[in-house]
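Asker: Got a structure for you, written out below as structure tokens; questions coming shortly.
The values are calculated or read from the model by the stated rules, or taken from the named source; none is laboratory data. Everything quoted here is computed from the prediction, not taken from an experiment. Note that we place each Cβ from the backbone using ideal geometry, even for glycine, and neighbour counts take in every protein chain shown. Only protein heavy atoms, including side chains, enter the accessible area calculation; ligands, DNA and RNA are left aside. Shrake-Rupley method; radii C 1.70, N 1.55, O 1.52, S 1.80 Å.
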Amino acid sequence: MNGFFSNTGNILFAAVFAIQFLAIVFTGLKNDRRALYYSNFVLLIGLVSGLFVTLSSKLFFALPTGPQNSLLNNWIRLDGLSFYFLFVIQLAAIPTTLYNFSYLRHYMEKKIGIKNFILFYILTIISTQVIVIANQAVFFLVCWEVMSISAYFCMILEKEKEEVQKGSFYYFAASHVVVFILYIFFFLLHHQTGSWFLSDYHLSFEDGAVISTIFILSFIGFGIKAGFMPFHFWLPQAHPVAPTVMSAFLSGVIIKTGIYGIIRTFLFIKPVPEWSGWLVLIVSMISAVFGVWYALAQHDIKKLLAYHSVENIGIIGIGIGIGFIGSANNLPAVEFLGFGGALLHTLNHAIFKSLLFIGSGIVCQNLDTRNIELMGGLVHRAGYIALFFLIGSVAISGIPPLNGFISEFVIFTGFFSIAGELKNYYPILMLIMVVGLAFVGGLAVACFTKVNAIIFLGSERKEVKHFHTTIYDYLSLGIFAALCIAIGFYPAPFVEIVQRVIAASFNIQPSSTLINMDWFYLSAIFGSIVLGIAALLLVKLWHHKKYGSRVSGAWACGYENLSPRMQYTASSFADEINTISGSILLYNKEIDKSEKPFPTPLKFESHSRDFVDRKLAMPAYGFLKSFISKIGIFNQTDIRYYIAFILIIITIYSLIAFLWT
Amino acid sequence: MENVLSILFCLSLFYVSLTLRVKGYIAVLRSQGIILAILLLYPFIYDFSVYGVIIPLTILIIKVFFIPRYINKIILDLDIKRQVEPTIQQMTFLPLVIASMILIFLATHIISLITKIDVIPFASGFSAIVVGIYIMIFRKKLIVHVVGFLIMENGIFLFGTAVASELPMMIELGVLLDVFVVVFLMGIALNKIRSSFEGIEVTQLGRLKD
Amino acid sequence: MDIEIIQGIISLLLLILLAPLFSGVVNKLKAKMTGRIGAPVLQPYYELKRLFRKETINASNSSFISRFSPILNFVAVIIAAAMLPVGFWKPLISFNGDIILFAYILGLARFFQILAAMDIGSSFEGMGAAREVTFALFAEPIFFFTIGSIAFVSGAASLYEIYHSIHLDNISYMVFVVICSISIFMLAVTECSRMPVDDPNTHLELTMIHEVMILDNSGFDLFLYQYSGYIKLFIYTVLEISFFNPFGKESYLVYAGIFIVIAFALAFLLGMAETITSRYRMKNIPQYLLFATAIGILNLLIFTFTQ
């Protein structure tokens, strides 16, 4: 505590969290509406001032209002990585909280109690922020648990629905497996170093087996949270049922804590062995390709976006994998590119995925369905929302002028630099990775042209009486869209921040590969695209004046009674790509082929099921269930047996621990 | 030159894993025969000997003219449909082939660091063996199985040239004769099966057991 | 101004102005081969002029996207053209990693073209868009594999340096480059909707890919789409021609000669393909594209292990 209050930064930093905790108090208000407005408003103040304090730290602007590096007896430690993730969380949380104002009104109209939701929402946000700055293992685990459980309580806002119970249980089970693995992970670290502080964990290269175990534990534990491919199955189950605000926050921020954990582990054990880099790279590539491929087969907009989270986590993982390979071969240039790409994509994904989730939430709420096959033509109802959603889609597809391209560009450059530095067979493997990433980009284009076209373009498939939007919707979407554009068109400052994060907290030889890429050149090109478009728009206006322009019906071979249901549907749009890999996607079509003399209504269905969920997770769960039900003691209905059982287990564990030491 | 021929050989493997027509398979057999003949003939351009020309010529005659014609004849006689009837999608088959080929090349590269072999012909031959086995696994038609077997044999041939630059001639001829006899027997067997069963598919051979 | 920038601007202008001419040559040669007289070589220019003078009609259900997309398409294609080295002149835009920008900027054009097609809300456009997106998905790896493998072999990461690194000293390298150029040709056929993949002259909406996407555009919008289509074809032609750069090292005159000869040869090949082959079944096109990728992979494997 010594000197804690001697620094203005420290006081401000404590004040930020105090304000955020204050927001909880307001959820106690009796009136739902007041509780929402007051607590959210206070939370917003807390987050904005938090962002201000974060930005004034040494990492960003180095103002005197920045806090010191180590606080509260080193329980909280603020290095570059922590600040960066704090920045990401606060940046993404502000517009999401803004959207809360508009989103929860809908529930208030339906007389669903929202005070609990707000309480746990605030708790989730606070605990997520604390996780990335916690420096004490037990403290970290407690915060982790608080985050997981409060996110779960947020998720079950509509708890009477059966799909909500099922989907959120997936999340609950997955988070508990994570916590269990993390316990082992931290105990092992403590056993090796004899310390509970994260900043003391430095394992030397000699104890290879320990490093391998720790790495595997961390990759599985944090990987489940992040949603890498074999462990992703909870994401597409949990996201659709969660309230939109929560799914935006879950996808944009909470799964990033998994990424934070993996990078943090890297700092404990570096330089890592090379196979770990390859493991991360290959698992990530699989996540990226199949995540987006599964996404293409979905009709549920939120499920689709959830699979896109798997894809983007894969892309972040690819960056981390490149960094690991660079670290194993002692190539700082490669490390900068790999981790730089990963960190940039973390920021970018937090921005555009929150944007897309909020956009989809607005649409779903107005149409009262999540099935995109029932949407359409919304661009004529809500043009700005369509525009913002389009910006998010272009960004997530990694297409040039926006931010998704910037991070993918860094990762591509990382591949090129590995191939250039390490000869032998590396070029081939790297080229395959390059092609894989390009393929992911192509699939993302397919997926988001589908989403945009089916939801917003064409004509309305389902009658919408009134499309309701509020100022908060536009505000939150607008902030995210502006960030997408800003990072895309002027990446230089953001790249510099990432460069500083890596240089400050990764302890590797400085290398300026990341900052020396032609960022201003890129900005100039993007600027010239905008100029060219503007010029051509003027020409177009002039042309319309001179030669005229009008509106007429679309070409339909002379058929006049076109109905909105005759438009191309989402499933037919994606069908050609889905059938190609039908066996992996478990994609099947059921067509009623019975031919009768007179035309009768025909039926067509197409389904896609998750391979991991159907073939691995559910069978394993079924096996476990049948195994446990065979043991007599679990079949007791009396609670006292359970208590006795827990007591026995605790005794055994304590005995083992006692005898071991 | 060997590398160019090996590339062409591998291209023919890609083609065979892509095409759906039995005719394409036979064309591939022909072209592979020509490639192998040129490969064996190539060293003798500078150093001519009658003895060395015998094997290439025999290959040319048997593999390019005799066996393809014979298979064509069987197809015509038995009125086999022109589609190969794969059991998995072509779009899954080709990536499978590509992936195995990459693995084989990498493995061969590692082997070549230990022992002295020519990487490219060795790996191409190996890939041909694998592709031949894949064809036999993932295709229904019996006649296509024969083609798969022949592709596998071509692979062994290329493989042999990579391991030892010159195999004893008698062994080569023996292998050729062996193959020829196998194809011949298969033809006769197919004819006989045809007379007792309706179609010629592997799935129906299970009925032979009783 | 720097001499390099002037050269870059000149080559960009050449690319933009000569693009319709190349399409005219292809069509003329194709007509000759099928025994017709064919339209004059300058026909594409006349078509563009005609389209420019027409009134613009938009479909009733369309939104801002279909009005915006032609412009974006045109600008994106021009930016891509500006990255392309013509001969030994440095292109206007050239930096490390510009091959990624090149591929992705064409992706930007495609993204908006697909959206504009779906904007009409008609099944025809939807069908075209679905096909375009499927085939583009399998076409992208070809580009990355061929250009990327040359890049990885030479260690360069910009189109200009990649094409500069091509040399004639080593026979196995020459085989490597020749096979790369075959892959690029197959890619050009796909991207420019030419014969074995797409029939540019088909008259049935159900069999079209590219044409059906711009079915409901007219006037200025169609002008921009057509023009960017011509430029795109010429971009891929120049990508192909640049493989023959080393032959024209001596002087500009020799290079210009080679440029014209190869361009004619490619036009001949494209015309030939359209004369003698029929369009593949839609189902088989991904296989054709995957085959081109497989060639690229094999080529790189073999080249790496002969070193």
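Asker: Mean Kyte-Doolittle of at least -1.0 plus a Cα span of 30 Å or more along the axis: flag which DSSP H helices in chain A meet both, please.
Answerer: Helix filter hits for chain A: A:32-55, A:80-109, A:162-193, A:274-296, A:301-328, A:332-367, A:426-456, A:519-547, A:639-660.
Asker: On to the next question. Can you list, largest first and rounded to whole Å, the semi-axes you get for segment C:1-71 by taking the square root of 5 times each eigenvalue of its Cα gyration tensor?
Answerer: 28, 27, 10
Asker: Between residue A:530 and residue A:469, what is 0.36 nm times their sequence separation minus the Cα-Cα distance? Round to one decimal in nm.
Answerer: Length gained, residue A:530 through residue A:469: 19.0 nm.
Asker: Under a no-solvent Debye model with one identical scatterer per Cα of the protein assembly as shown, what's log10 I(q)/I(0) at q = 0.06, 0.07 Å⁻¹?
Answerer: For the requested q values the scattering log ratios are -0.55, -0.74.
Asker: Taking Cα atoms of segment C:167-307, Rg/Rh with Kirkwood Rh, to two decimals?
Answerer: With Rg and the Kirkwood Rh in hand, the quotient comes to 1.03.
Asker: Would you list which lysines come within 29 Å of residue A:30, measuring only between C-alpha atoms, while excluding same-chain residues fewer than 8 positions from it?
Answerer: By straight Cα distance, residue A:30 reaches A:110, A:111, A:115, A:159, A:161.
Asker: Averaged across orientations, what area in nm² does the convex hull of the alpha carbons in segment A:582-628 project?
Answerer: 4.8
Asker: How long are the semi-axes of the equivalent ellipsoid of segment A:354-494, defined as square roots of 5 times the Cα gyration tensor eigenvalues? Whole Å, largest first.
Answerer: 36, 18, 9
Asker: A further question on this structure: Tally Lys and Arg at +1 and Asp and Glu at -1 over the other residues with C-beta under 15 Å from the C-beta of residue A:565: what net charge comes out?
Answerer: 0
Asker: Counting pairs of alpha carbon atoms under 8 Å apart in space and at least six apart in sequence, what relative contact order in percent does segment A:582-628 give?
Answerer: Once divided by the residue count of segment A:582-628, the mean separation gives 38 percent.
Asker: Rounded to the nearest 100 Å², what is the sum over both chains of accessible area buried where C meets A, with a probe of 1.4 Å?
Answerer: The summed interface area works out to 6600 Å².
Asker: Moving on. How far is it, in nm, from the label point at residue A:496 to the one at residue B:66 when both lie 7 Å from their Cα along the line to the Cβ?
Answerer: 7.9
Asker: Could I ask something else about it? Rounded to the nearest 0.05, what FRET efficiency do residue A:659 and residue B:100 give with R0 = 51 Å and r taken as the Cβ-Cβ distance? Could you check?
Answerer: 0.50
Asker: Oh, and also: Could you grab the relative contact order for segment B:57-161? Cα pairs under 8 Å, six or more apart, rounded to a whole percent.
Answerer: 27
Asker: Starting from a Cα-only point model with no solvent, please compute log10 I(q)/I(0) by Debye for segment B:3-83 at q = 0.10, 0.23 1/Å.
Answerer: Relative scattering, expressed as log10 I(q)/I(0), comes to -0.30, -1.05.
Asker: At 0.36 nm per residue, minus the direct Cα-Cα distance, what do residue A:651 and residue A:523 gain on full extension? Give it in nm, one decimal, please.
Answerer: 39.7 nm
Asker: When a/c reaches 1.5 or more, the comparison of a/b and b/c decides; with that in mind, is segment B:31-166 rounded, prolate or oblate per its Cα gyration tensor?
Answerer: Judged from the Cα gyration tensor, segment B:31-166 comes out oblate (a/c at least 1.5, b/c at or above a/b).
Asker: Can you spot the lysines whose alpha carbon is less than 17 Å from residue A:353's alpha carbon? Ignore those fewer than 8 places along the same chain.
Answerer: Within reach: A:225, A:256, A:302, A:303, A:450.
Asker: Rounded to the nearest whole Å³, what is the per residue volume of the convex hull around the Cα atoms of segment B:107-160?
Answerer: Convex hull of Cα atoms, per residue: 55 Å³.
Asker: Using all alpha carbons of segment A:414-480, what is the percent of pairwise distances in each 10 Å bin, ordered from the shortest bin to the longest?
Answerer: 16, 22, 23, 17, 14, 7, 1
Asker: Taking H placed 1.01 Å from N in the peptide plane, check which residues at least 5 places from residue A:554 or on another chain put their amide H under 5 Å from its amide H.
Answerer: Residues meeting the amide H criterion: C:60, C:61.
Asker: In whole angstrom, how far apart do the alpha carbon centroids of segment C:182-248 and segment B:54-76 sit?
Answerer: 43
Asker: Separate question: In terms of the Cα gyration tensor, with a ≥ b ≥ c the square roots of its eigenvalues, is segment A:71-178 rounded because a/c is under 1.5, prolate because a/b exceeds b/c, or oblate?
Answerer: Oblate is the answer for segment A:71-178, as a/c is 1.5 or above yet b/c matches or exceeds a/b.
Asker: Leaving out same-chain residues fewer than 8 places away, which lysines sit with a Cα under 24 Å from that of residue B:23?
Answerer: Partners found: B:63, B:73, B:81, B:140, B:141, B:192, C:283.
Asker: Rg/Rh for chain A: what does it come to with C-alpha atoms and Rh from Kirkwood?
Answerer: 0.98
Asker: So for each of A:620-631, B:33-44, A:146-157 I average, over its residues, the number of other beta carbons within 10 Å; can you give me the resulting order with the highest mean first?
Answerer: A:146-157, B:33-44, A:620-631
Asker: Which whole number in µm²/s is D for segment C:181-246 by Stokes-Einstein, with the Kirkwood Rh taken over Cα pairs at 20 °C and 1.002 mPa s?
Answerer: For the chosen part, D equals 165 µm²/s.
Asker: Whole number please: convex hull volume per residue of the Cα set in chain C, in Å³?
Answerer: Each residue corresponds to 137 Å³ of Cα convex hull volume.
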